[in-house]
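This report concerns only the one structure given below.
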Amino acid sequence: MAAKRILMVGAGGIGLKHIRFFNALDNAPNLSVIDPNPESCAKAAELGAEILQTAWDSINLPDFDGVLITAPAPFHIPYASRCLTEGIPVLSEKPLSHTWDGVEGIIELAQQAKAPSGVAYVRRYHPVHQGAREFLQNGGLGEILDMRVFGGQPYYQYRPDYRKIYYASHAMGGGCLLDCASHMIDLAQYYLGPAASMTGMIRHLALEGVEVEDTVSLSLNFANGKLGTMHINQFQPANETFVEFSGVDGVLRIMEPSFTCRVWRKGADDWADLPVEQGDITDAFKRQAATFLQAIDGKAEMRTSFADAANTLRLCLDVLRGDE
């Protein structure tokens with residue numbers, strides 16, 4: 001079978017990651033890249049991508065089997081809308097956008113389009129999260145009543161250029177809430193279903209050279225009555241985040257980035273390892289890439305739909321507006 005041809009729009013930090021993970025697949029596609037930044041294009045070319053000297057508006061989308069949007073957040077909806085209008089499968093990076101403009105339209109387009117689509121909230125593809133979710137949904141610890149996420153990371157170590165990229169501006173989809181915490185908000189809904197509302201506080205506490213928040217403290221109210229809390233910062237020295245689910249019959253805890261998964265059952269004296277398939281974050285990215293290729297052939301569905309991502313965006317915008 002001939003390799004699929006995928007157009008990638010944007011070759012920044014996350015775009016280069018996607019190139020590596022697509023290249024690692026047994027059925028690796030042929031990747032073509034457009035990006036106005038020559039330095040980004042040079043890095044993408046070093047990874048084997050074809051660089052197209054063509055603007056987005058001049059690209060003939062039917063030349064490609066699918067489109068991966070890794071440009072900043074303001075471009076996600078307009079670029080994805082064109083793809084769906086022309087019947088081209090599309091996977092967009094998160095967040096869905098930085099405002100509500102065009103969101104209802106893209107949801108309708110995605111629901112009516114014959115082409116598959118999704119948003120790249122990658123934790124839904126992680127084998128540990130997938131296994132833990134199946135365990136909980138099958139009643140492994142009885143009814144789960146709430147969720148807690150707490151932790152953080154030294155973001156300045158992983159993206160020392162954070163002052164110069166999209167992260168530094170809400171207008172580009174930056175800040176801890178949209179860029180980082182929205183991953184966990186999506187993950188919470190993967191486990192517990194859609195959240196009806198979210199309140200919270202966001203603050204800039206430590207990261208130098210930016211004004212956007214580096215810390216969030218959130219409370220989620222799920223449509224089914226369950227509750228969730230999150231506290232995430234991007235300045236602590238330890239890259240460590242705990243994700244916990246609790247009910248009267250037990251607690252399940254996942255620690256990232258090691259992705260260890262343990263349970264404490266009612267009546268037990270200590271934590272016990274939960275036997276789920278292991279993997280790291282690279283496995284999640286590769287599974288997401290593979291699922292997109294399968295979705296193009298009608299053999300899979302992306303796990304975060306545009307409607308799912310829109311609900312996460314709605315929750316985040318409510319908190320951002322409340323902080324104004």
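The values are calculated or read from the model by the stated rules, or taken from the named source; none is laboratory data. In this text the structure is predicted, and so the values were computed from the model without any measurement. All Cβ positions, even for glycine, are placed from backbone atoms using ideal geometry, and neighbour counts span all protein chains on display.
Highlighted here would be strands (runs of 3 or more DSSP E) found entirely within segment 200-299 that include at least 2 residues which are modelled with pLDDT under 95, under 30 Å from Leu31 (Cβ atoms) and out of contact with any Asp or Glu (no Cβ under 7 Å at 6 or more places or on another chain), but there are none. Residue pairs whose Cβ atoms lie under 8 Å apart, sitting 6 or more positions apart in sequence or on different chains, and linking a residue in segment 258-274 that is assigned by TED's automatic domain parsing to the domain that holds Phe242 to a partner that is assigned to a loop (DSSP other than H, G, I, E, B) and among the acidic types (Asp, Glu), are Phe259/Asp280; Trp264/Asp270; Arg265/Asp249; Lys266/Asp249.
Thr304: among the hydroxyl-bearing types (Ser, Thr, Tyr), assigned to a loop (DSSP other than H, G, I, E, B) and either touching a residue at least 60 places away in the same chain (Cβ under 8 Å) or assigned by TED's automatic domain parsing to the domain that holds Lys114 (or both), yes or no? Walk me through it before giving the result.
Numbers: among the hydroxyl-bearing types (Ser, Thr, Tyr): yes; assigned to a loop (DSSP other than H, G, I, E, B): yes; either touching a residue at least 60 places away in the same chain (Cβ under 8 Å) or assigned by TED's automatic domain parsing to the domain that holds Lys114 (or both): yes.
Yes; evaluated as a whole, the condition is true for this residue.
If you go through segment 162-173 and keep only what is without any contact (Cβ under 8 Å) to a residue 60 or more places away in the chain and not in a helix (DSSP H, G or I), you end up with Tyr162, Arg163, Lys164, Ser169.
If we scan segment 188-198, do we find a residue that is in contact (Cβ under 8 Å) with a residue 40 or more places away in the chain, part of a strand (DSSP E or B) and within 19 Å of the chain's Cα centre (by Cα)? Let's see the steps before the verdict.
Narrowing segment 188-198 to residues in contact (Cβ under 8 Å) with a residue 40 or more places away in the chain: 188-192, 194-195, 197-198.
Those left that are additionally part of a strand (DSSP E or B): 195, 197-198.
Imposing the further condition that a residue be within 19 Å of the chain's Cα centre (by Cα) reduces the set to 195, 198.
Yes, segment 188-198 contains a residue that is in contact (Cβ under 8 Å) with a residue 40 or more places away in the chain, part of a strand (DSSP E or B) and within 19 Å of the chain's Cα centre (by Cα).
Just give me the residues in segment 245-282 being surrounded by fewer than 18 Cβ atoms within 10 Å (Cβ to Cβ) and closer than 30 Å to His18 by Cβ, in sequence order. Answer for segment 245-282, where residues must be surrounded by fewer than 18 Cβ atoms within 10 Å (Cβ to Cβ) and closer than 30 Å to His18 by Cβ: Met255, Pro257, Ser258, Thr260, Glu277, Gln278, Asp280, Ile281, Thr282. Would you pick out the residues in segment 296-317 that are touching a Gly at 6+ places or on another chain (Cβ under 9 Å) and either surrounded by fewer than 20 Cβ atoms within 10 Å (Cβ to Cβ) or farther than 15 Å from Tyr121 by Cβ (or both)? Matches in segment 296-317: Ile296, Glu301, Ser305. Can Leu25 be described as more than 20 Å from Asp179 (Cβ to Cβ), in a loop (DSSP other than H, G, I, E, B) and out of contact with any His (no Cβ under 9 Å at 6 or more places or on another chain)? It is true that Leu25 is more than 20 Å from Asp179 (Cβ to Cβ), in a loop (DSSP other than H, G, I, E, B) and out of contact with any His (no Cβ under 9 Å at 6 or more places or on another chain). Scanning segment 78-103 for residues that are over 19 Å from His18 (Cβ atoms) and without any contact (Cβ under 8 Å) to a residue 40 or more places away in the chain yields Pro78, Ser81, Arg82, Leu84, Thr85, Glu86, Gly87, Asp101, Gly102.
Listed here are the residues, each with its yes/no results for (1) of a type outside the set (Gly, Ala, Ser); (2) surrounded by 15 or more Cβ atoms within 10 Å (Cβ to Cβ); (3) touching a strand residue (DSSP E or B) at 6+ places or on another chain (Cβ under 7 Å); (4) in the same structural domain as Ile165 (by TED's automatic domain parsing).
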residue: Gly48; (1), (2), (3), (4): no, no, no, no
residue: Gln53; (1), (2), (3), (4): yes, no, no, no
residue: Trp56; (1), (2), (3), (4): yes, yes, yes, no
residue: Pro62; (1), (2), (3), (4): yes, no, no, no
residue: Asp65; (1), (2), (3), (4): yes, yes, yes, no
residue: Ala71; (1), (2), (3), (4): no, yes, yes, no
residue: Pro78; (1), (2), (3), (4): yes, yes, no, no
residue: Ile88; (1), (2), (3), (4): yes, yes, yes, no
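Would you say Lys94 is surrounded by 22 or more Cβ atoms within 10 Å (Cβ to Cβ), basic (Lys, Arg) and either modelled with pLDDT under 95 or in contact with a Leu (Cβ under 9 Å, 6 or more places away or on another chain) (or both)? Reasoning before the result, please.
Details: surrounded by 22 or more Cβ atoms within 10 Å (Cβ to Cβ): yes; basic (Lys, Arg): yes; either modelled with pLDDT under 95 or in contact with a Leu (Cβ under 9 Å, 6 or more places away or on another chain) (or both): yes.
Yes; evaluated as a whole, the condition is true for this residue.
Applying the set (1) outside any helix (DSSP H, G or I); (2) under 21 Å from Glu211 (Cα atoms); (3) not aliphatic (A, V, I, L, M) to Arg148 leaves exactly one unmet item: (2).
Within segment 277-297, the set of residues being among the small types (Gly, Ala, Ser) and out of contact with any strand residue (DSSP E or B) (no Cβ under 8 Å at 6 or more places or on another chain) comprises Gly279, Ala284, Ala289, Ala290. So is Asp308 within 30 Å of Gly66 (Cα to Cα), modelled with pLDDT under 95 and among the charged types (D, E, K, R) or not? For Asp308, the condition - within 30 Å of Gly66 (Cα to Cα), modelled with pLDDT under 95 and among the charged types (D, E, K, R) - is not met.
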